[in-house]
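So the structure is just underneath, and the comments pick up after that.
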Amino acid sequence: MVFSSLLFLFRFLPITFLIYYLVPFKLKNTVLFLASLFFYTWGEPKFFPIMLVSIGVNYIAGLLMEKYDDKPKIRRLCFWVAFAVTVGFLLFFKYTNFFLSNINALFGLGLPLLSADEFHLPLGISFYTFQILAYTIDVYKRKIKVEHNLIDFGAFVVLFPQLIAGPIVLYSDINKELKNRKILLEQVEEGVGLFIMGLGSKILLADTIGALWTEVQMLGFSNVSTPLAWLGVLAYSFQIYFDFSGYSLMAIGLGRMLGFYFPRNFNYPYISKSITEFWRRWHITLSSWFREYVYIPLGGNRVKKSRHFFNLFVVWFLTGFWHGANWNFIFWGLYFFILLMIEKTFLLKYLEKSKIFSHLYLIFFVMISWAIFALSDLSMLGELFSRMFSLAGGVDWLYYLRDYAGILILCILASTPFFKIAADTIGKNKIVRTVFLAAVLLVSVAFMVDSTYSPFLYFNF
């Protein structure tokens, strides 16, 4: 079940919220827990036991680490058992075939791969694995208190707004709200507005501009001109941004309506002037997770230069590999590692001197990164890069530019604070704001009725 579906909007959402608002506070987390499990199992019923095992193992591990607080060996054993089980599920389902296929290619073996029908990637496993791991690590390091209530812990893990594709919400972000939260009318209104804007970003912007990238792919990269190849990559750059940021905005809005304040996940990354700044604005919760649970434990930047570079290499290798079990994702992560090292070594000080050059630099290299990210077939990626840098002429791009000019302009404006500034001004008038949000919702629903199934891109990761 996805947010941008009629089933979610007109069945699951109203029924769940009606029950949630009607029951007393002591039952709200139970409603959330059960509704979230239903939300997850609707699309992945056979992976329901894995979710329950992950919840149970980490819940029990937390209790045991608290009980044996004065016995380091037992605490360490409990932690590593929970860690092994949680990460083991992720490694098995997401990376087994990757490792087997590479071993076969390297050593000429014929090891059988797991059936894609039986062992496909469980929805959201990359996201909820990181959330559970963060909880268990923080308990082990005594940064947070153990959660004794199984329902509350389960609700934290499977909270349906952010279960499938983030933002990555830490236990410390919402532990107080799990126990005591107020749900005010103003808060619900704000959440509804955020949800509608996120839905519009997904349906009206991401899906519409994504059609251009799909058309370029269908033409074949060797059959398009250089300008059209770049136009296709630009379209994908907007598609993945509005797709993922739209989901995050919907999740934050739903959380607000439930009484939770989820952390912000995007902050206009395309207005950045360096790769360093870009990763402070893009997928903020993922960057924060890697900084807190990988980079800092490795020593961060408080080490000698060679070790600092090694720490960053590990972080970006894992960041790429986390996104998918294909070499293009590893190359994508290492690509950013190289750019960040160049910036930290000497380039950053020059970028800060020129706003125009630094922004053009950022857009160029980010578009290259999305080309790498989009294509797991390395031969197709080679064709795309060959076309992008071959200076192949043609007028085909004019045809597509004419058809997509309007949505491209909207995407450009929406990727800047332009509409936010306008909304802050116009939104002061409650009637105008309500009419605008109603229009966005109606048009989005109309597009949903008329379109084919369009899941979020990050469901793949």
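Checked against (1) of a type in the set (Asp, Glu); (2) surrounded by fewer than 24 Cβ atoms within 10 Å (Cβ to Cβ); (3) touching a Gly at 6+ places or on another chain (Cβ under 8 Å), Asp243 passes all but condition (2). Figure legend. Inter-residue proximity from segment 327-343: first residues in contact (Cβ under 8 Å) with a residue 60 or more places away in the chain, second residues of a type in the set (Val, Ile, Thr) and surrounded by 20 or more Cβ atoms within 10 Å (Cβ to Cβ), beta-carbon distance below 7 Å, spacing 6+ or different chains. Indicated pairs: Phe336/Ile275; Leu339/Ile275; Leu340/Ile275; Glu343/Ile275. Of the residues making up segment 390-418, those that are in contact (Cβ under 8 Å) with a residue 12 or more places away in the chain and either among the aromatic types (Phe, Trp, Tyr) or at positive phi (or both) number 5.
Kindly indicate the residue of segment 408-461 that is more than 29 Å from Tyr128 (Cβ to Cβ) and of a type in the set (Phe, Trp, Tyr) and also modelled with the lowest pLDDT among those meeting that condition. Applying the filter and picking the extreme gives Phe419. Taken residue by residue, segment 124-133 has at least one member that is touching a Leu at 6+ places or on another chain (Cβ under 8 Å) and at positive phi. Within segment 171-190, one or more residues are farther than 25 Å from Leu410 by Cβ, without any contact (Cβ under 8 Å) to a residue 12 or more places away in the chain, of a type in the set (Asp, Glu) and not in a loop (DSSP other than H, G, I, E, B).
Check whether at least one residue in segment 13-28 is at pLDDT 90 or above, under 22 Å from the mean Cα position of the chain (by Cα) and part of a helix (DSSP H, G or I), and report yes or no. Yes - at least one qualifying residue is present in segment 13-28. Residue-level analysis places Arg402 outside the set of residues that are basic (Lys, Arg) and surrounded by 14 or more Cβ atoms within 10 Å (Cβ to Cβ). Taking segment 58-91 as the range and being exposed (fewer than 13 other Cβ atoms within 10 Å of the Cβ), at pLDDT 95 or above and within 12 Å of Val146 (Cβ to Cβ) as the test, no residue passes.
Taking the conditions (1) more than 23 Å from Phe365 (Cα to Cα); (2) in contact with a helix residue (DSSP H, G or I) (Cβ under 6 Å, 6 or more places away or on another chain) in turn, Met218 satisfies each one other than (2).
Taken over segment 178-200, the criterion of being of a type in the set (A, V, I, L, M) and either open to solvent by 20 Å² or more (accessible area, probe 1.4 Å) or at positive phi (or both) is satisfied by Ile183, Leu184, Leu185, Val188, Val192, Leu194, Met197. Quick check on Phe12: is it touching a helix residue (DSSP H, G or I) at 6+ places or on another chain (Cβ under 8 Å), farther than 30 Å from Asp138 by Cβ and of a type in the set (Phe, Trp, Tyr)? Judged against the criteria, Phe12 is a match.
So which of Phe10, Phe3 is assigned to a helix (DSSP H, G or I), of a type in the set (A, V, I, L, M, F, W, C) and closer than 30 Å to Asp207 by Cα?
Exactly one of Phe10, Phe3 is assigned to a helix (DSSP H, G or I), of a type in the set (A, V, I, L, M, F, W, C) and closer than 30 Å to Asp207 by Cα, namely Phe10.
A single entry from Arg302, Arg291, Arg307 fulfils the requirement of being part of a loop (DSSP other than H, G, I, E, B), touching a helix residue (DSSP H, G or I) at 6+ places or on another chain (Cβ under 9 Å), charged (D, E, K, R) and open to solvent by 40 Å² or more (accessible area, probe 1.4 Å): Arg302. The single residue among Phe313, Phe365 that is open to solvent by less than 90 Å² (accessible area, probe 1.4 Å), under 22 Å from the mean Cα position of the chain (by Cα) and more than 23 Å from Ser126 (Cβ to Cβ) turns out to be Phe365.
Does Ser248 meet the test of being open to solvent by 10 Å² or more (accessible area, probe 1.4 Å) and either of a type in the set (Phe, Trp, Tyr) or touching a residue at least 24 places away in the same chain (Cβ under 8 Å) (or both)? Explain how you work it out, then say what you get.
On the way: open to solvent by 10 Å² or more (accessible area, probe 1.4 Å): no; either of a type in the set (Phe, Trp, Tyr) or touching a residue at least 24 places away in the same chain (Cβ under 8 Å) (or both): yes.
Against the criterion (open to solvent by 10 Å² or more (accessible area, probe 1.4 Å) and either of a type in the set (Phe, Trp, Tyr) or touching a residue at least 24 places away in the same chain (Cβ under 8 Å) (or both)), Ser248 does not qualify.
Contact annotation: residue pairs with Cβ atoms under 8 Å, 6 or more positions apart or on different chains, pairing a residue in segment 419-435 that is within 21 Å of Ile409 (Cα to Cα) with a partner that is among the basic types (Lys, Arg), are Ala423/Arg433; Ile426/Arg433. Reported count of residues in segment 89-124, each being aliphatic (A, V, I, L, M) and touching a residue at least 40 places away in the same chain (Cβ under 8 Å), is 2. Phe48 falls short on exactly one of the conditions (1) more than 30 Å from Val449 (Cα to Cα); (2) in contact with a Leu (Cβ under 8 Å, 6 or more places away or on another chain); (3) open to solvent by 20 Å² or more (accessible area, probe 1.4 Å); (4) at pLDDT below 95, and that condition is (1). Considering (1) over 20 Å from Met1 (Cβ atoms); (2) open to solvent by 40 Å² or more (accessible area, probe 1.4 Å); (3) assigned to a helix (DSSP H, G or I), say which one Phe38 fails and leave the rest. With respect to (1) over 20 Å from Met1 (Cβ atoms); (2) open to solvent by 40 Å² or more (accessible area, probe 1.4 Å); (3) assigned to a helix (DSSP H, G or I), Phe38 is out only on (1).
The values are calculated or read from the model by the stated rules, or taken from the named source; none is laboratory data. Quick caveat: nothing in here was measured; it's all calculated off a predicted structure. Here Cβ is always computed from backbone atoms with ideal geometry, including for glycine, and neighbour counts include all displayed protein chains. Please note that ligands, DNA and RNA were not included when accessible areas were found on the heavy atoms of the full protein model with its side chains. Shrake-Rupley method; radii C 1.70, N 1.55, O 1.52, S 1.80 Å.
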